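Derivation of every value follows stated rules applied to the coordinates shown; laboratory data play no part. Since the structure is predicted, the reported quantities are computational estimates derived from the model, not experimental observations. Because the Cβ atoms are built from the backbone with ideal geometry, glycine has one as well, and the counts that use them run over all protein chains shown.
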């Protein structure tokens, strides 16, 4: 083989290897067929070429290209040929994880909606980005900082209680008055020590009275030796003993009951408002509890935007060493079920709950993760997603639980009265 042939073969092999490397690096699929769908977004939040496209969680394509059309970013999506998309499918940009990364999520749509074809152009849903959630959290933190600063300056009711000089003076005067009272009491005791002689005469008189009582003389003696009076007193003692046992049972029941006053405020990205919720949790035993409460979405003031108060009445049972809780009943004024699983660190809880809804899809499903931020206080931060089956969106907020002893005794007395 001459030199020219060797050079030609080497050049040909080099070209083939270069093409193969280009196809691999650029993720070019020679043997895959597909079509292009174009979706307009107001913002893409860091979406890149090559990012994944999913349909109901299944990978069906990739991000192909970007363009700007009519003051919006038009994203070209390459979709596998066998994938069927509908015109009422919802296109949204979501976060892969808290560490970063984006993907385009598509909902199934309904079978009565027309099928999208290659070159179709439609508008996507704007997703609430994590950085916006963190900005909201920062604003809340700033508000708390300003409140603490006001207290330190003595502004407001709490600040005045902590820095009021008048309150300090009143407390000091009270302590002085208490000391004077103690001194007077000591003087009275000293005076009693000087009446020994009078006490001896009094004791002699008491001995005479006791002898008369022992002989059954006088009114007191007759009361003591009267058999009928003895029987009545005995019956009275039995009744007192029974009342004491009842009181002991009531206190025993009250000691087992735990009651909690709870409140949470969670921001809904889909609604663009906070849902504020207050409820009472009553725990008659370690393996079950009841929830009674109400919540309201803080939407606008117009009649069309205003939401009604929603109610919660639930029964919860605990399993597997109380790590798994299953709840059922009325959730946000709809019939629903929920489950809470506490991880081994006893700080992190995963919640999944769903209920019928009059404001969204026929069945509203949400999931979140709550984390207790202090070891000895029930203060939690919450993050998750809601309306998972229809239009998923992020939620984030805080929850506080407070053990209320007064409410506990009230519930205990009501239970004992049954």
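Determine, from the Cβ-Cβ distance of residue 87 and residue 146 and an R0 of 45 Å, the FRET efficiency 1/(1 + (r/R0)^6), rounded to the nearest 0.05.
Numbers: r = 49 Å, r/R0 = 1.09.
The calculated FRET efficiency here is 0.35.
Expressed in nm to one decimal, what extension gain is obtained for the pair residue 234 and residue 261 from 0.36 nm per residue of sequence separation less their Cα-Cα distance? Before the final figure, lay out each step's value.
On the way: separation 27, 0.36 × 27 = 9.72 nm, distance 4.63 nm.
Gain on extension, residue 234 to residue 261, equals 5.1 nm.
Any chance you could tell me what percent of the C-alpha pair distances in the range 32-127 go past 15 Å?
Taking all Cα-Cα pairs of the range 32-127, the fraction more than 15 Å apart is 57 percent.
Taking Cα pairs under 8 Å and at least six residues apart, what relative contact order does the range 330-382 come out at, in percent?
Computed value for the range 330-382: 27 percent relative contact order.
Under the definition of Cα pairs under 8 Å and six or more residues apart, what whole-number percent is the relative contact order of the range 32-127? Please report the intermediate quantities before stating the final value.
Details: 222 pairs, mean separation 34.9, N = 96.
This gives 36 percent for the range 32-127.
By how many nm would the segment from residue 9 to residue 175 lengthen if fully extended, with 0.36 nm per residue of separation less the alpha-carbon distance?
49.2 nm
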